[in-house]
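Trainee: Before we start, here is the structure in question, set down as structure tokens.
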Amino acid sequence: MERGNVFDELRKEILDLTLKPGTELNLNQLSTLFGVSRSPVRDAVKELSVEHLIDIYPQRGTYVSRINLRMADDERFIRLNLELGSIPSFIENVNNDLISEMEDLIDKQEKAFALRDTSLLLKLDDQFHSVIFKGADREGVFDFILTRNGNYHRMRLISFMFDAISEDVIRQHKVILDAIKEKDTEKLLALDKAHMTKLKKETVSFRETMPQYFTER
């Protein structure tokens, strides 16, 4: 396995919570697991530390970073404002194909929720929002967002473990889609802002359930 593949696989396992926040990482074990020398593993770990997904403590060990609530809020802020900035162009360009794509994604979200497939639900959530960027001809912006949202991503994944939150997300997507069909830019801006801000309040409940996964800074 090449260095880039080690990085991608390790990052994926952190983001999907296979490697949970606070887990200690043994570089020798990872080298054996990936079938590579320590060098590509060490390089991948350093790169992931830059993304604040891994904490390296000299002489003490290497750990999967806990979810940094301040960084998660910063990542949410960036995503929210880039999305809000894309909405006027999206509304100008929206067509039946984009609307059908969003309807299909909502249908798939409901099926994923029925299966309690939180990873798939999060993926479909991202795909739903990515349609806004696609319609605004800003797909590269959304790709950038996905490379800089490790704390926010993991927090959202945990949130989908709670049925009430998942159901509310799907319900809000339906309301957002109604505003899109109406081509009501101001209404969509307000709905999308409320939709992406609510997780900040909801975090309080699941922090109490699994406090070991979080840190303030």
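The values are calculated or read from the model by the stated rules, or taken from the named source; none is laboratory data. Fair warning: this is a prediction, and the values are worked out from it, not measured in the lab. Cβ: placed from backbone, ideal geometry, glycine included. Neighbour counts: every protein chain shown. Areas reflect the complete protein model, heavy atoms only, side chains present, ligands, DNA and RNA absent. Shrake-Rupley method; radii C 1.70, N 1.55, O 1.52, S 1.80 Å.
Trainee: Carbon and sulfur atoms: what percent of the 1.4 Å accessible area of the range 145-217 do they account for?
Mentor: The value for the range 145-217 is 55 percent carbon and sulfur by accessible area.
Trainee: Name the long-range amide H neighbours of L19: under 5 Å, sequence gap of 5 or more, or other chain; modelled H, no Pro or chain starts.
Mentor: It is I14, by chain and number.
Trainee: Let me ask another. Grab the DSSP H runs of the chain that are 4 residues or longer, score each as -39,500 (n - 2.57), total them, divide by all residues and round the 222 nm result to the nearest 500 deg cm²/dmol.
Mentor: -24500 deg cm²/dmol
Trainee: Stokes-Einstein diffusion coefficient for the range 1-152 at 20 °C in a medium of 1.002 mPa s, Rh from the Kirkwood formula over Cα pairs: what value in µm²/s?
Mentor: In µm²/s, the coefficient rounds to 123.
Trainee: Further question: Choose one of I99, F77, L188: the residue whose Cα lies farthest towards the positive end of the charge dipole of the chain (beta-carbon charges +1 Lys, Arg; -1 Asp, Glu; about the Cα centre).
Mentor: Checking the options against the dipole of the chain, the answer is F77.
Trainee: Give me the accessible area per residue for the range 25-84, probe 1.4 Å, as a whole number in Å².
Mentor: 53
Trainee: Suppose the chain between D43 and K12 were pulled fully straight at 0.36 nm per residue; how much longer would it get relative to their current alpha carbon spacing?
Mentor: 9.6 nm
Trainee: Dipole magnitude of the chain about its Cα centre, charges +1 at Lys/Arg Cβ and -1 at Asp/Glu Cβ only, in debye to the nearest 20?
Mentor: 860
Trainee: Ok, one more. With the crude spin-label approximation of a point 7 Å out along Cα→Cβ, what separation in nm comes out for K200 versus D168?
Mentor: 1.5
Trainee: Roughly how many percent of the accessible protein surface of the range 13-128 is carbon and sulfur, given a 1.4 Å probe and a whole-percent answer?
Mentor: C and S fraction of accessible area: 49 percent.
Trainee: Can you list residues from other chains, or at least 5 along the same chain, whose modelled amide H is less than 5 Å from the amide H of I54?
Mentor: Placed amide hydrogens put S49, S65 under 5 Å from I54.
Trainee: Additional query: Might you report the magnitude of the Cβ-based charge dipole of the range 76-151 about its Cα centre, with Lys and Arg at +1 and Asp and Glu at -1, to the nearest 20 debye?
Mentor: 420
Trainee: Tell me which of Y152, I67, V131 sits at the most positive position along the dipole axis of the chain, charges placed on C-beta atoms (Lys, Arg +1; Asp, Glu -1).
Mentor: Towards the positive end, the residue furthest out is I67.
Trainee: Looking at the chain as a GNM with Cα springs under 10 Å, which of K201, K111, K20 has the largest mean-square fluctuation?
Mentor: K201
Trainee: Would you mind working out the accessible area per residue for the range 119-177, using a 1.4 Å probe, and quoting it in Å²?
Mentor: Per-residue accessible area for the range 119-177 comes out at 39 Å².
Trainee: Using only the alpha-carbon atoms, what does the range 106-217 span along each of its principal axes? Please give whole angstrom values in decreasing order.
Mentor: Between the extreme Cα coordinates on each principal axis of the range 106-217 lie 43, 30, 24 Å.
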